[in-house]
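**Q** One structure, pasted below without further comment.
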Amino acid sequence: MGVRFDLVVIGMGSAGVVATEFAASLGVRVCAVERDRVGGDCLWTGCVPSKALLAAGHAAHAMRSADRLGLQAVEPVIDTARVFERIREVQARLAASDDDPERFRAMGVDVRLGRPGTLEGPNAVRVGDEILRTRFVLLCPGSRPVVPPIEGLKAAGFLTSESVWDIPRAPRELLLLGGGPIAVELAQAFRRLGTTVTILDRGSRLLARDEPELASRLVDRLRAEGVTIETRVAVESVVVEDGKKIVRGTQGGRSRHWSADELFVGAGRRANAEGLGLESVGLAPGETGIAVDDRSRTRLESVYAVGDVTGGYQFTHAAAADGARAIRDMFFPGKGRGGALVPWCTFTDPELAHAGLTADEARERHGEGQVAVHRIELDRSDRARAEGRDEGAVVAVTYRGRLVGAHILSPSAGELIGELTLAIHQGIKLSELASVIHVYPTYA
């Protein structure tokens, strides 16, 4: 008959970790299956290493720009090998604490590492030679970087958000294909650590999902720091010549080429929907991943899927929220419906945070007449001026007086957006939000 559980979780990334811990706290019998390492993309190839790299870049920039605070500016001595060593030290500390498999075993979770889990039926999962019987299955295997079909790309070699953390030190020159949040964060971090950086993007602007005005101002900041940014680029091929990676393409109808020591591909991500046994139970994935309803259920009521594999928002916090919601719905039916607003942040300096609709999206949805855009520049903030960090703004979008969008370009924008996300979610009027007394002097 096999071993019986109340829940089998496949994938111990952001969604799986949160779901497993939540389910264990309910006293149900849980088995967590992870083919690689606990922690997933966030710990090993995403949030954690990128923020550690950004922190190093921020410190280097602070030294170069110390004169803005009345101190002598100095050029930092940078050993990027040591920077990457520290990144791995941070990851190791987290892996030995919050994401330690033994922590979950201490909760009573049966943790299976090193082998994939595949569906053998609506209530059965195969792990190696063993069949696990279960009331529910939660699929959260995450996603992986997309590799675009560019001639010569694979032969030339390239980095992705996964492999970039395996290099021993920063490259002297870096060419990034793609202008999304990951590429933009890495571009600023590497530039501040001394790398010559160029971004090539096929669109008309970087960070296409964000409020255009603020995204444009962030791009200006990157250019001022020495990042070369080229838009409307159609990449056609990659070759290696004299040790350099040469990217050939067109821009504005003209043939162009760019070269660098190293190439980074940031062309989006694809759901890890293969190898799960989905077809055998009638759950063949679609183009973007596994289809689910607003309770994270697949067509099989016993099988749920959350996180990147469903093709939704590809953020750690969204995956974690999805995981918790699915567990709530499994064991408290009807209590796990979706609808929560998902904010996001690009962790550059300054940070760019987003919640709800942009101004253009609000006008398209609600019409021009009753949509208002409110803007306050960061140089109106005494805290920002005192710290010499007053480049940025807050943009609030309202419909009939109620907040429907909020966008922030400022230090700690990711911390500030939470209050505005709640206001949008609750349908609060901007006038009501303005009545809240905030601590002075803060960016809030």
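The values are calculated or read from the model by the stated rules, or taken from the named source; none is laboratory data. Since the structure is predicted, the reported quantities are computational estimates derived from the model, not experimental observations. Quick reminder, even Gly has a Cβ in these numbers, built from the backbone with ideal geometry, and neighbours come from all protein chains shown.
**Q** Is at least one residue of the stretch 127-147 more than 30 Å from Ala32 (Cα to Cα), modelled with pLDDT of 95 or more and either in contact with a helix residue (DSSP H, G or I) (Cβ under 8 Å, 6 or more places away or on another chain) or outside any loop (DSSP other than H, G, I, E, B) (or both)?
**A** no
**Q** Would you confirm whether any residue within the stretch 229-248 is of a type in the set (A, V, I, L, M) and within 26 Å of Glu351 (Cα to Cα)?
**A** Yes, the conditions are met somewhere in the stretch 229-248.
**Q** Now for a different question. Do any helices (runs of 4 or more DSSP H) entirely within the stretch 328-444 hold 1 or more residues that are out of contact with any strand residue (DSSP E or B) (no Cβ under 6 Å at 6 or more places or on another chain) and closer than 30 Å to Gly70 by Cα, and if so, which? Before the answer, list the steps.
**A** Numbers: elements: 359-366, 382-386, 413-425, 430-434.
Per the criteria, 382-386, 413-425.
**Q** Right, here's the next one. If Gly268 meets every condition in (1) at positive phi; (2) in contact with a helix residue (DSSP H, G or I) (Cβ under 7 Å, 6 or more places away or on another chain) apart from one, which number is that one?
**A** If we test Gly268 against (1) at positive phi; (2) in contact with a helix residue (DSSP H, G or I) (Cβ under 7 Å, 6 or more places away or on another chain), just (2) comes out false.
**Q** Can you tell me which of Glu211, Glu287, Glu241 is surrounded by fewer than 21 Cβ atoms within 10 Å (Cβ to Cβ) and at pLDDT 95 or above?
**A** Numbers: Glu211 fails: surrounded by fewer than 21 Cβ atoms within 10 Å (Cβ to Cβ); Glu287 fails: at pLDDT 95 or above.
The match here is Glu241.
**Q** Any residue in the stretch 57-65 that is within 30 Å of Leu283 (Cβ to Cβ) and either in the same structural domain as Leu193 (by TED's automatic domain parsing) or of a type in the set (Ser, Thr, Tyr) (or both)?
**A** no
**Q** Kindly check whether there is at least one residue in the stretch 392-410 that is under 17 Å from Ala208 (Cα atoms), of a type outside the set (Gly, Ala, Ser) and surrounded by fewer than 21 Cβ atoms within 10 Å (Cβ to Cβ).
**A** yes
**Q** Considering only the stretch 10-94, give the helices (runs of 4 or more DSSP H) lying wholly within it that have at least 2 residues that are closer than 24 Å to Val184 by Cα.
**A** Once the helices (runs of 4 or more DSSP H) in the stretch 10-94 are filtered for at least 2 residues that are closer than 24 Å to Val184 by Cα, what remains is 40-44, 47-64.
**Q** Let me ask you something else. Mind telling me which of the residues Gly275, Gly286, Gly312 ends up being assigned by TED's automatic domain parsing to the domain that holds Gly13, part of a loop (DSSP other than H, G, I, E, B) and touching a residue at least 40 places away in the same chain (Cβ under 8 Å)?
**A** Working: Gly286 fails: touching a residue at least 40 places away in the same chain (Cβ under 8 Å); Gly312 fails: touching a residue at least 40 places away in the same chain (Cβ under 8 Å).
Among Gly275, Gly286, Gly312, only Gly275 is assigned by TED's automatic domain parsing to the domain that holds Gly13, part of a loop (DSSP other than H, G, I, E, B) and touching a residue at least 40 places away in the same chain (Cβ under 8 Å).
**Q** Another question, then. Of the residues in the stretch 170-225, how many are part of a loop (DSSP other than H, G, I, E, B), out of contact with any Ser or Thr (no Cβ under 9 Å at 6 or more places or on another chain) and under 24 Å from Cys42 (Cα atoms)?
**A** Result for the stretch 170-225: 2.
**Q** Trp44 versus (1) at pLDDT 95 or above; (2) under 14 Å from Val137 (Cβ atoms); (3) not hydroxyl-bearing (Ser, Thr, Tyr): which is the lone unmet condition?
**A** All conditions pass for Trp44, except number (2).
**Q** Let me ask something additional. Of the conditions (1) of a type in the set (Lys, Arg); (2) surrounded by 15 or more Cβ atoms within 10 Å (Cβ to Cβ); (3) farther than 23 Å from Pro181 by Cα, Arg389 satisfies every one except a single condition; which number is it?
**A** (3)
So that you can scan it fast, the table gives a plain yes or no per residue for (1) in contact with a strand residue (DSSP E or B) (Cβ under 7 Å, 6 or more places away or on another chain); (2) without any contact (Cβ under 8 Å) to a residue 60 or more places away in the chain:
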| site | (1), (2) |
| --- | --- |
| Val3 | yes, no |
| Val8 | yes, no |
| Gly16 | yes, no |
| Ala24 | yes, no |
| Gly27 | no, yes |
| Gly39 | no, no |
| Asp67 | no, yes |
| Ala73 | no, yes |
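**Q** Please give the number of the condition Tyr304 fails out of (1) part of a strand (DSSP E or B); (2) among the hydroxyl-bearing types (Ser, Thr, Tyr); (3) in contact (Cβ under 8 Å) with a residue 40 or more places away in the chain; (4) surrounded by fewer than 18 Cβ atoms within 10 Å (Cβ to Cβ).
**A** (4) is the only condition that Tyr304 fails.
**Q** Right, Pro350: of a type outside the set (Gly, Ala, Ser) and within 30 Å of Thr20 (Cβ to Cβ) or not?
**A** Criteria not met by Pro350.
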